[in-house]
Amino acid sequence: MRRREFITHIGGAAAWPLAVRAQQSAMPVIGFLDSRTPEAVAGRLRAFRQGLKETGYIEGENVAIIYRWAENQVDRLPELASDLVARHVAVIVTPGEPAALAAKTATATIPIAFIMADDPVKAGLVTSLARPGGNATGISFLAAELEAKRLQLFREVVPGASRIVVLVNPAETRRSESRIRAVEAAARTMTLEVQVLKAGTSREIEDAFGSIDRTRPGGLFVETSPFLAVRNVQLAILSAFHRLPATHSEREFVEAGGLMSYGSNIMDAYRQQGAYVGRILKGSKPADLPVVQSSKLELVINAGTARMLGLTVPPTLLSTADDVIE
């Protein structure tokens, strides 16, 4: 090999890593901010990545994701949000209202794609559902509007209940208050008494069940909350131990052994969120993307748990359920 060719060959080899790095640096970066742990949302992450894939983005190939987990310490979210802003990510993904509010406080320019169970207008994230008007948009469950239906379905399975306990996370006071009002309004039409208990740690959940055991209510109504959602196994075990019929808004609770759930299809909502992020990466502005109200609802019943509790699920309800776990 002549000297000139040898030098050219070496120079090309040296330049190749630089070209790769340049290509990698041009890859858009998503910041994923969550109050929970990666293990708690593994299934939801798969659904989110599926939504990204539907819009042409595959993690590690043409898009990168920086994950920031608060490990159930909500007070860490502002710091983690600021870190993602400092890294100049292309868009910040925020499952849950606390993460969305932290991101909104940290930046008014970087797009935010949220997914949340309440009204983002009341939370101050958007101006309106149709025209968000700022740097945030996403998917909303509007869970409070489903509480009456969830209570009605629960009453069909547990017709003898005269009093229920509503379990809420005290760290989410504003959200909890709107849910409690919705449950109480629905309960009055069914002549049901409502008792509210608060739990923000695993120990407080155990204490709450100790209190429940003393008063013997007819059922447990677990409110939608990122913290309570990741405690689904603990809640299902304690409900079974205390022989307490319980209902949740998310199917993971039923899969863990809980009695029933009614609410938005969470996996589909995360898939929709991934697709929205893909649209933003392709140039769509959050201000012009309407907030999507998740309309795919599902009723899930654990027939084995019902039998264990001595309950008979009406055949009509079993036939209309989206999933019956034996």
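Rule-based calculations on the coordinates, nothing more; no lab input. Not measured: the values here are computed from a predicted model. Glycine gets a Cβ as well: all are built from the backbone with ideal geometry, and neighbour counts include every protein chain shown.
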Between residue 122 and residue 145, what is the label-to-label distance in nm when each label sits 7 Å out along the Cα-to-Cβ direction?
1.2
How many nm separate the modelled label positions at residue 39 and residue 189, each set 7 Å beyond the Cα in the direction of the Cβ?
4.2
10 Å beta-carbon shell around residue 114, net charge (K/R +1, D/E -1)
0
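Of 122/296; 122/285; 53/122; 104/282; 149/296, which ones are farther than 26 Å apart at the Cα?
Working: 122/296 22 Å; 122/285 21 Å; 53/122 32 Å; 104/282 21 Å; 149/296 14 Å.
Distance filter (> 26 Å) returns 53/122.
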Could you check the spin-label model distance between residue 295 and residue 198? Points 7 Å from the Cα along Cα→Cβ, value in nm.
3.8
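Let's test the formula: R0 of 30 Å, r as the Cβ-Cβ distance of residue 207 and residue 83. What FRET efficiency results, to the nearest 0.05? Present the calculation step by step, with values, prior to reporting the outcome.
Working: r = 35 Å, r/R0 = 1.15.
With a Förster radius of 30 Å, E is 0.30.
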Taking the chain as a Gaussian network, where each spring joins two C-alpha atoms under 10 Å apart, which residue of 268, 118, 207 fluctuates the most?
207
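In a shell of Cβ-Cβ distance under 12 Å around residue 295, excluding residue 295 itself, what net charge do Lys and Arg (+1) and Asp and Glu (-1) give? If you can, show how the numbers build up before the last one.
Numbers: positive: 296; negative: 145, 268, 298.
That works out to -2.
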Gap separating the Cα centres of region 81-131 and region 239-294, nearest whole Å:
17
Return the percentage of antiparallel bridges among DSSP beta bridges fully within the chain, rounded to the nearest 5 %.
10
Sequence-separation-based contact order of region 221-266, relative, with Cα cut under 8 Å and 6+ spacing, percent:
37
List the relative contact order of region 196-326 as a percent without decimals, with contacts defined as Cα pairs under 8 Å and 6+ residues apart.
19
Additional length obtainable on full extension of the chain from residue 109 to residue 241, 0.36 nm per residue less Cα span
42.6 nm
11 Å beta-carbon shell around residue 227, net charge (K/R +1, D/E -1)
-1
Isotropically averaged projected area of region 89-218, using the convex hull of Cα atoms (one quarter of hull area), nm²
9.4
